[in-house]
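Encoded as structure tokens, the structure appears first; notes follow it.
The values are calculated or read from the model by the stated rules, or taken from the named source; none is laboratory data. Every value quoted in this text rests on a predicted model; they were computed, and no experiment measured them. Please note: Cβ atoms are built from the backbone with ideal geometry, for glycine as well, and neighbour counts cover all protein chains shown.
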Amino acid sequence: MREIKIIVCIKQILDPEGSRSSYRIDVLGKKIIPVGIPPVINPYDENALEAALQLKDNLGVKIVAVNMAERAALPVLRKALSVGVNELVVLEDEKFKDLDSYSTAHVISTAIKRIGEYDIILVGRQAADWDCGQVGLIIAEILQIPSINLAQKVRVEDNSVIVEKLKRNGYEVVKAPVPALITVSNEIGDLRLPSLKAIKEANKKPVTVWNIADLEIDPKNLETRKIYKLSAPPPAFRKCVFIGGQSPQEKGENLAVKLKEEGVI
């Protein structure tokens, strides 16, 4: 079987597991300012990386990871190389700051065209910072290839990709010809951990850096994200309530009553 080429789009974001004290809200400037919190690879994009690696476990696969950022955090992005990605392409330019979904997709799809032939594009179902869930499907529209959303399992058969696509009450099996784009859900599994040897070898793998001039993109065609209002969430006041009862059944009934009274259910 011929070698399959997979492109995985990864985004660096501020760690979504960070504490509230790790961020400061600039209400007037309408921006979030990190306070000593490092960037990480978007967790949903790590799911997409894992999907690519699962295919690589059983097939001849070359994986290229693509990241777009104003300033790339290479030590963070090299994690993709340490788990088995063959090559990293970084799209880095000041003009890429705070782009909206369409402009982001435009930049990434332009880079994908420059990379050349591919079979599958894998992206996370959404980014854990803005949660829009739009970029992947827009890339597919720009490239005019089939797209399948919310995959929990991906396999390749002949010249087709077969996906278990999540539904509200289960999943459906969808088949599409390659090349195709697939957005991956977290049900596919967490990204595997790299070995110490692989972490060291990641520094030797190729990293390609392209800016806006390399991609021949006119900055006038890029739009930034429009934020109309940004405010800090109100402080959370927590209280602990113990639910009693003579039996587990009674405790459960009392809990349900309490939750209803508090407007939770």
- Query: Taking helices (runs of 4 or more DSSP H) that do not extend beyond segment 1-117, which have at least 2 residues that are among the acidic types (Asp, Glu) and within 24 Å of residue 184 (Cβ to Cβ)?
  - Reply: 43-58
- Query: Can you list the strands (runs of 3 or more DSSP E) found entirely within segment 137-180 that contain at least 1 residues being buried (at least 16 other Cβ atoms within 10 Å of the Cβ) and among the polar types (S, T, N, Q)?
  - Reply: 147-157
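Table: residues versus (1) in contact (Cβ under 8 Å) with a residue 60 or more places away in the chain; (2) surrounded by 14 or more Cβ atoms within 10 Å (Cβ to Cβ); (3) aliphatic (A, V, I, L, M); (4) in a helix (DSSP H, G or I).
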residue	(1), (2), (3), (4)
182	yes, yes, yes, no
194	yes, yes, no, no
197	no, no, no, yes
200	no, no, no, yes
226	yes, no, no, no
229	yes, no, no, no
234	no, no, no, no
240	no, no, no, no
246	no, no, no, no
- Message: Restricting to segment 1-24, name every residue that is modelled with pLDDT of 85 or more and of a type in the set (A, V, I, L, M).
- Response: 4, 6, 7, 8, 10, 13, 14
- Pull up segment 52-68, narrow it to residues that are of a type outside the set (Val, Ile, Thr) and touching a Lys or Arg at 6+ places or on another chain (Cβ under 8 Å), then point me to the one that is modelled with the lowest pLDDT. 60
- Count of segment 173-209 residues which are among the charged types (D, E, K, R) and closer than 24 Å to residue 131 by Cβ: 2
- Task: For residue 202, state whether it is of a type in the set (A, V, I, L, M, F, W, C) and over 30 Å from residue 23 (Cα atoms).
- Result: yes
